[in-house]
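First up is the structure itself, then whatever we jot down about it.
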Amino acid sequence: MPFALAESRLPLPLLRRGKVREVYEVGPDALLLVASDRVSAFDVVLPNPIPRKGAVLTQISAFWFGELRDVLPSHFLTADDDEIIARVPALASHRDQLSGRAMLCRRTTPFPIECVVRGYLSGSAWAEYRDRGTLAGEPMPRGLVESARLDRPIFSPATKADVGHDENITLDHARDIVGADRADQLRDASLKLYAAGRDRAATRGIIIADTKFEFGKTSEGTTLLIDEVLTPDSSRFWPADQYAPGRGQPSFDKQPLRDYLADLKKVGKWNGSAPGPDLPPEVVRATSDRYVDAYRRITGHDLPA
Amino acid sequence: MTPPRYESPLGTRYASSVMQALWSAEHRAGLWRRLWLALAEAERALGVPIPEDAIAGIRAHLDDADLAAVRVYEQRLRHDVMAHIHHLGDQAPAARPYLHLGATSCFVTDNADLIVLRDACGLLLGRLRRVLAALRELAITHADQPTVAYTHFQPALLTTVGKRATLWAFDFALDADALLRVLERLPFRGCKGATGTQASFVELFHGDAAKVRELDRRVAAAFGFTETVPVCGQTYSRKVDAQIVDAWAGLGQSGSKFGNDLRLLQHEGELLEPAESAQVGSSVMPYKRNPMRAERLCALSRYLVALRENTAYTAATQWLERTLDDSANRRLVLPDAAMAADALLILAADIGRGVEVRQSTVERNVTRVMPYMATERWLLLAVAAGGDRQSVHEVIRRHSWAARDAEDRGEPPSLLDRLAADPAFAKVDVARLRAELEPARYIGRSSSQVHEYVAEHLDPLLERLTPFATSDSAGVTV
């Protein structure tokens, strides 16, 4: 098993340590995003990192930034270790931490909303529909079942919460936050990006049920796609050959992990709150294999060693 | 308008952008600032009253040194380290009174050099890994392909194409061992003061020797070093540089042999280095396909091998606690050696990966020499059939020379027919003579040696080199 990185420690100013990622400052114009190998399930970060997970997330994002460039330009500069070190030589002593996990990006001012697009009825959207018959506050046709494919993908923005869960909001609320024109621009971009990604993934047997985009503005005023894009962590990936509406779907990447944890909960060995339980090596390995497979399925290439 | 400037071709043509970044003035300034940060943090942790905002000030300015502003200071002060300190003091005024506390210039210059040397060694091991992986592939793919072995560059017995590739791999593997040894033992200079006695730090910590040693350890640990030099004068021993450049120069030896071998074999038409489809060999001879990459590999290798004289003499000419004999020479030699090594390994990997084995030419060359290879066995067959060893030897010598003369005149190979018609071979079945012309019978354990070498030596080494893996975005500029 290759080395797994629980958290990066790089000789750059650390701006943020998120649930699974670190953001470092690289001068005034750039950021280094490092996806660690930490994994979360049921909203709890687990003690064992998953080998290669960080590299998979970063390289899937890098792939999509390239694929979607014509839909909207992004903040992506490079996710190639050598190219990163050539621009930030202080990282030369830390190649083991990079190993495909890091992405150098242009710095932007992020818009303070998460741009979620839903092509299927799942998660909090399913809960909202089941309870109130709406999605993002808009009325929906009656009789939809869990995991149903929506006729039209729905833009379903959310606030960015510093702590706890992001809160789903209506498009009108989003317009209040970022301005009407901007909100409409982000909605249109999100729907186009989702459609392009969904169609591409469909040819590879993966359903992207929903996903979250983030956008930022450069100092010149250009809107760029930022953060991670169409990764297993920012999206629900379902294996197309197992899709069956009317129930929850297996997750492409985290299912072995979820199954293991659900069993622990069932027999009362874990109460579902932090700290999460230690994962046995076979669960770690199976999850790692799923991520590496997701990279191969989406990009059509093996993850570079 | 800026005046025309000289630029080293190692930068403009040969070395990778990563290796150049390691030796850049910007990186050096960034490392010096990180060293000042680590020093202040460790001093503060050990009780020196340095305020937090001083430390935050350094941390906020790690990579934004304005080298033009530094130059203005340097012109006035005639001292590069003090120029950097003043410039950082301007950017982080809260840190200004505490910068470089207890340290000597060599605290930043020598320690930063050791960090760069270490990272350069790491990058070279990553490059070397690609070379070894390429040669491994070449060896395995052609493990069974008989080819003419040459001693004195004259046809000798046979070997295989893959077996020969292991010879190149073994040379480079020895270099990897040397580099790994250097890296494992590479110490940090640490915090030792102006003449290496740590006197200034003894003052700073009011005679608390344990804190002085702990400071040394902490600052080293901040940069991933587990050891500092146990003793030093003002500088760390320049033998350390010499040993590193010796290890790099080993790459030059191996690169040169590999490159020269390829050039010889390209002359024979057996192996061709990779070429672009639109590559021009000569402005006047359009048919030419020259081994230009291998030639460049040899040229850079020779440069690197020759550079080691400098580090050897620099170590030899240091006086007492230090002189400035080292300074200008190190500024030139250390980066040049690193970049030459980087460039030659990129070339070697490129050639190793793309080398074209012309199987038909290899076979034709083998066929041409086979009768001569077989003479020793034919001699034994004739003796076994009752012949006199010395007379048969003379018969074979006479026919060999005649057959070769005939071949030189353009006639087909004739040695076997000539011998079969000679009375000395009257009692030997021609079919038995012909059976001795099978090349596979002349390659000994070549194939097994390849597989044994790969399994027992090369693969474990490649595994050890995994942590140094590069992403291979460096290409050859042809």
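The values are calculated or read from the model by the stated rules, or taken from the named source; none is laboratory data. Please read these numbers as outputs of a predicted model, since none were measured by experiment. Cβ sites come from the backbone with ideal geometry, for glycine too, and all protein chains shown count toward neighbours. Please note that ligands, DNA and RNA were not included when accessible areas were found on the heavy atoms of the full protein model with its side chains. Shrake-Rupley method; radii C 1.70, N 1.55, O 1.52, S 1.80 Å.
Rounded to the nearest 10 Å², what accessible area does A:VAL116 have for a 1.4 Å probe in the complete protein model?
20 Å²
Between the chain alone and the structure with every protein chain in place, find the residues of the stretch B:32-60 that drop at least 40 Å² of accessible area; heavy atoms, 1.4 Å probe.
B:ARG34
Taking the convex hull of the Cα atoms, report for the stretch A:1-122 its projected area averaged over all directions, in nm².
Details: hull surface 36.2 nm².
Hull-based average projected area comes out at 9.0 nm².
Against the globular-protein guess of 2.2 N^0.38 Å, express the Cα radius of gyration of the stretch B:120-234 as a ratio, rounded to two decimals.
Values: Rg = 24.4 Å, N = 115, 2.2 N^0.38 = 13.4 Å.
The stretch B:120-234 yields a ratio of 1.83.
Where a Cα-Cα gap under 18 Å defines reach, which aspartates and glutamates qualify for B:LYS288, not counting those fewer than 8 residues away within the same chain?
The qualifying aspartates and glutamates are B:GLU268, B:GLU270, B:GLU273, B:GLU276, B:GLU356.
Just how large is the dipole of chain B about the Cα centre, in debye to the nearest 20, putting +1 at every Lys and Arg Cβ and -1 at every Asp and Glu Cβ? Mind showing how you got there, number by number?
Details: 56 positive and 60 negative charges, 101 e Å.
Value, rounded to 20: 480 debye.
Compute the Rg to Rh ratio over the stretch A:117-216 from the alpha carbon atoms, using the Kirkwood formula for Rh, and round to two decimal places.
Numbers: Rg = 13.7 Å, Rh = 14.2 Å.
Ratio of gyration radius to Kirkwood radius: 0.96.
Going by accessible area, probe 1.4 Å, with all protein chains left in place, what is the ranking of B:HIS61, A:HIS75, largest first? Each step should come with its number before you reach the end.
Numbers: B:HIS61 40, A:HIS75 10 Å².
Ranking B:HIS61, A:HIS75 by accessible area, largest first, yields B:HIS61, A:HIS75.
For the pairs A:LYS19/A:LYS265; A:LYS19/B:LYS211; A:LYS192/A:LYS265, flag any whose C-alpha to C-alpha distance is greater than 32 Å.
Numbers: A:LYS19/A:LYS265 22 Å; A:LYS19/B:LYS211 37 Å; A:LYS192/A:LYS265 40 Å.
Result: A:LYS19/B:LYS211; A:LYS192/A:LYS265 exceed 32 Å.
Taking a temperature of 4 °C and a viscosity of 1.567 mPa s, what whole-number D in µm²/s does Stokes-Einstein yield for chain B with Rh from Kirkwood over alpha carbon pairs?
Values: Rh = 26.5 Å.
So the translational diffusion coefficient is about 49 µm²/s.
Per residue, how much accessible area does the stretch B:200-335 show when a 1.4 Å probe rolls over the protein heavy atoms, in square angstrom? Let's see the in-between values first.
Working: 7170 Å² over 136 residues.
Spelled out: the 1.4 Å probe surface of the stretch B:200-335, per residue, equals 53 Å².
Where only protein heavy atoms count, and the probe is 1.4 Å, what is the accessible area per residue for the stretch A:1-147 in Å²? Could the numbers behind the result be given before it?
On the way: 5770 Å² over 147 residues.
For the stretch A:1-147, the per-residue accessible area is 39 Å².
Take the alpha-carbon positions of the stretch B:268-341, form their convex hull, and give its projected area averaged over all directions (one quarter of the hull surface) in nm².
Details: hull surface 30.0 nm².
Taking a quarter of the hull surface, the average projection is 7.5 nm².
How many percent of the accessible area of the stretch B:1-126 is carbon or sulfur, using a 1.4 Å probe? Before the final figure, lay out the partial values.
On the way: 2890 of 5420 Å².
Taking all protein chains in place, the stretch B:1-126 shows 53 percent carbon and sulfur surface.
What translational D, rounded to a whole number of µm²/s, comes out for the stretch B:39-198 from Stokes-Einstein when the hydrodynamic radius is the Kirkwood one over Cα pairs, at 25 °C and 0.890 mPa s?
On the way: Rh = 20.3 Å.
After rounding, the answer is 121 µm²/s.
For the stretch A:84-147, take the alpha-carbon Rg, divide it by the Kirkwood Rh, and send me Rg/Rh. Spell out each step's value before the answer.
On the way: Rg = 21.1 Å, Rh = 15.9 Å.
Ratio of gyration radius to Kirkwood radius: 1.33.
Put one equal scatterer on each alpha carbon of chain A, apply the Debye formula with no solvent term, and list log10 I(q)/I(0) at q = 0.08, 0.14 1/Å to two decimals.
Once normalised to I(0) and log-transformed, intensities are -0.35, -1.14.
Test of understanding: express the Cα radius of gyration of the stretch A:217-305 as a ratio to 2.2 N^0.38 Å, with N the residue count.
On the way: Rg = 17.2 Å, N = 89, 2.2 N^0.38 = 12.1 Å.
Working it through for the stretch A:217-305, the quotient is 1.42.
Taking a quarter of the surface of the convex hull around the Cα atoms of the stretch A:54-191, what do you get in nm²? Don't jump to the answer; show the numbers that get you there.
Details: hull surface 42.1 nm².
Average projection, Cα convex hull of the stretch A:54-191: 10.5 nm².
I need to check one value: relative contact order of chain A, counting alpha carbon pairs closer than 8 Å and at least 6 residues apart, in percent. It would help to have the intermediate numbers written out before the result.
Values: 578 pairs, mean separation 61.3, N = 305.
The normalised contact order for chain A reaches 20 percent.
List for the stretch A:75-105: residues with 30 Å² or greater reduction in accessible area, all protein chains versus chain alone, probe 1.4 Å?
With the partner chains in place, the stretch A:75-105 has these residues losing at least 30 Å²: A:ASP80, A:ASP82, A:ALA86, A:PRO89, A:ALA90, A:ALA92, A:SER93, A:ARG95.
What net charge is computed for the residues neighbouring A:LEU224, neighbours being all others with C-beta under 9 Å from the C-beta of A:LEU224, Lys and Arg scored +1, Asp and Glu -1? Please list the in-between numbers first.
Details: positive: A:ARG106, A:LYS217; negative: none.
Value of the local net charge: +2.
Given a 1.4 Å probe and every protein chain left where it sits, what share in percent of the accessible area of the stretch A:115-248 is carbon and sulfur?
Values: 2890 of 6250 Å².
Within the stretch A:115-248, the accessible surface is 46 percent carbon and sulfur.
Using the eigenvalues of the Cα gyration tensor, what equivalent ellipsoid semi-axes result for the stretch B:222-282 when each is taken as the square root of five times the eigenvalue, whole Å, largest first? List each step's numbers first, then the result.
On the way: eigenvalues 384, 40, 21 Å².
Semi-axis lengths for the stretch B:222-282 are 44, 14, 10 Å.
Report the per residue volume, in Å³, of the convex hull enclosing the C-alpha atoms of the stretch B:352-451.
On the way: hull volume 12.8 nm³, N = 100.
Value for the stretch B:352-451: 128 Å³ per residue.
Based on the alpha carbon coordinates of the protein assembly as shown, what radius of gyration and maximum Cα-Cα distance (Dmax) apply, in Å?
Cα-based Rg and Dmax for the protein assembly as shown come out at 33.5, 110 Å.
Keeping all protein chains in the complex and leaving out DNA, RNA and ligands, what accessible area do you get for A:THR58 with a 1.4 Å probe, in Å² to the nearest 10?
10 Å²
How much of the accessible area of the stretch B:287-362, probe 1.4 Å, is carbon plus sulfur, in whole percent?
The C+S portion of the solvent-accessible surface of the stretch B:287-362 is 54 percent.
Please enumerate, by chain and number, the aspartates and glutamates with C-alpha under 16 Å from the C-alpha of A:LYS269, excluding those fewer than 8 residues away in the same chain.
Counting by Cα, and skipping residues close in sequence, A:LYS269 has these aspartates and glutamates nearby: A:ASP259, A:ASP278.
Take B:HIS142, B:HIS206, B:HIS267 and sort them by solvent-accessible surface of the protein heavy atoms, 1.4 Å probe, largest at the top. Each step should come with its number before you reach the end.
Numbers: B:HIS142 45, B:HIS206 170, B:HIS267 145 Å².
The most accessible residue leads, giving B:HIS206, B:HIS267, B:HIS142.
Given H placed on each backbone N at 1.01 Å, which residues far from B:LEU271 in sequence or on other chains put an amide H within less than 5 Å of it?
Here B:GLN266, B:ARG358 satisfy the definition.
For the pair A and B, how large is the buried accessible area, both sides, in square angstrom to the nearest 100, if the probe is 1.4 Å? Mind dumping the intermediate values first?
On the way: alone 14160 and 23520 Å², together 36380 Å².
Chains A and B together bury roughly 1300 Å² of accessible area.
What is the distance in Å between the Cα centres of the stretch A:79-134 and the stretch B:156-202?
So the two Cα centres are separated by 39 Å.
Please list A:LYS19, B:LYS257 from largest to smallest accessible area, probe radius 1.4 Å, with all protein chains kept in place.
Details: A:LYS19 110, B:LYS257 80 Å².
Largest to smallest exposure gives the sequence A:LYS19, B:LYS257.
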